[in-house]
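Following: one structure in structure tokens, then a few remarks.
Each value in this text was obtained by applying a stated rule to the coordinates, not by laboratory testing. Every value quoted in this text rests on a predicted model; they were computed, and no experiment measured them. When we count neighbours, we look across all protein chains shown, and the Cβ atoms used for this are built from the backbone with ideal geometry, even at glycine.
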Amino acid sequence: MQDSLANPWRGEVSLSIDGVTYTCKLTLGALAELEANLGTDTLVGLVKRFESGGFSTRDVLALVVAGLRGGGWCGSAADLVSAQIEGGIVRAAEAAAELLARAFATS
């Protein structure tokens with residue numbers, strides 16, 4: 001889904017890819033897909049890696065793809081191989097961390 005007005009109260013994060021702004025969100029289905037894509041890793045382990053700064057580019061990519069898919073995007077990780085993310089890897093990592101934080105926020 002294209003949307004430049006992500007609502008953080010709904011767990012949404014905006015990310016601009018190839019000049020198009022998408023709304024990302026970690027829905028229950030997106031989280032299940034994320035967990036499956038990470039194999040033996042758990043979401044708790046993923047959260048801990050982000051909290052400690054020990055996350056990998058694989059973690060960032062998996063979270064961005066899950067967030068995009070939760071927002072209605074129908075692509076896959078392969079579609080992002082040559083994509084240009086506005087703000088580069090730093091923005092992608094920030095968006096991934098924001099998605100995790102917002103998905104598990106209690107208030």
When only C-alpha pairs under 8 Å and at least 6 residues apart count, what is the relative contact order of the stretch 9-88, in percent?
-> 41
Which of 8, 24, 85, positive extreme of dipole for the stretch 8-103 (C-beta unit charges) = 8
Among 32, 95, 62, determine the one that fluctuates most according to a GNM of the chain built with springs between C-alpha atoms less than 10 Å apart.
-> 32
Treat each spin label as a single point 7 Å out from the Cα along the C-beta direction, and report the residue 27 to residue 90 distance in nm.
-> 3.3
Simple Cβ-charge dipole of the chain, Lys/Arg +1 and Asp/Glu -1, about Cα centre, in debye nearest 20 | 160
Please give, to one decimal in nm, the separation of the simple spin-label points placed at residue 35 and residue 18, each 7 Å out from Cα toward the Cβ.
-> 3.2
Ratio of Rg to Rh for the stretch 8-103, alpha carbon only, Kirkwood?
-> 0.92
